[in-house]
Amino acid sequence: MSKTELRRHMLALRRPLNSHYPGASDAIASNFVTHFSVDAGHDCVALYQAVGGEIGTEPLVHMLRGQGVSLALPVTHDTTHGAGPLSFRRYDARTVLRRDAAGMHAPDATSDTCQPNFIVLPLLAFDAAGGRLGRGGGHYDRTLEALRQKCQLRAIGLAFDEQMVEECPMELHDQRLDFVVTPTRIVFCSGDKGS
């Protein structure tokens, strides 16, 4: 199945899952904080604002803030195909959100930038080797590639168990996940992470 066909199939599959599993975001948040040791004085966790049936991050935001962890949200500066990586700005209860170039809610320019060492990503599909199918913009692939050249980070997808596929079609520029957190488990991905 091509990326386009798989993307279409997985969008249709994911749409009803939030209503079928209303506690999924809470279970994922609990699995995340139980498994990952995040240092509140040092680490920054970049999250996303869920859209279109993506796993909600609100319970995870609440738990991490309760632990005093620094959080960030991505900012898209250019939506041109092949545009540069995302940047990340700090995100707390007082952060002013504005629409970025991609139309997503993102911290405005008054928020400090940060370099996360945990990046939590949305996805449409994933496989055991860390292959990830996103919405097709390539923003996270370019971001992970750039950050992996500068620092050690963990790329962590959030998903329903039903989003796991035998194999995600991958191209040379596609970056793999290190872990996927589902409502029932942590998937330790085994593939080469790319650059």
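Two decimals is fine: what's Rg over Rh for segment 3-188, C-alpha atoms, Kirkwood radius as Rh?
0.93
What do you get for trypsin sites (Lys or Arg not before Pro) in segment 1-97 restricted to DSSP loop and a cutoff of at most 13 other Cβ within 10 Å of the site's Cβ?
R94
Specify which residue in the list P116, S25, F88 is farthest towards the positive end of the charge dipole of the chain, using unit charges on the beta carbon of Lys, Arg (+1) and Asp, Glu (-1), about the Cα centre.
Result: F88.
Given DSSP loops and a limit of at most 14 other Cβ atoms within 10 Å, what is the longest stretch of the chain that contains no such GluC sites (Glu not before Pro)?
The answer is 1-165.
HN-Hα J couplings of segment 84-91 from phi, Karplus 6.51/-1.76/1.60, θ = phi - 60°, integer Hz, Gly and Pro as x?
For segment 84-91, the Karplus-derived couplings read x, x, 5, 10, 10, 10, 4, 9 Hz, x marking Gly and Pro.
Highest GNM mean-square fluctuation, the chain, Cα pairs closer than 10 Å: which of P74, P16, P107?
The residue that fluctuates most here is P16.
Using unit Cβ charges (K, R positive; D, E negative) and no other charged atoms, how large, in debye to the nearest 20, is the dipole of segment 3-188 about its Cα centre?
My answer is approximately 320 debye.
Given charges of +1 on the Cβ of Lys and Arg and -1 on the Cβ of Asp and Glu, with all other atoms neutral, how large is the dipole of segment 32-116 about its Cα centre, in debye to the nearest 20?
Result for segment 32-116 is approximately 160 debye, rounded to the nearest 20.
Run the dipole for segment 93-160 about the Cα centre, Lys and Arg Cβ at +1, Asp and Glu Cβ at -1, nothing else charged, and hand back the magnitude in debye, nearest 20.
The calculated dipole for segment 93-160 is roughly 40 debye.
Name the residue farthest towards the positive end of the dipole of segment 96-195 from the options V181, Q152, A125, assuming +1 on Cβ of Lys and Arg, -1 on Cβ of Asp and Glu, about the Cα centre.
Working it through, the farthest residue towards the positive pole turns out to be Q152.
Computed from the coordinates by the stated procedures, all read-outs in this text should not be read as laboratory data. What you are looking at is a predicted structure, and each value in this text was computed from that prediction instead of being measured. Cβ sites come from the backbone with ideal geometry, for glycine too, and all protein chains shown count toward neighbours.
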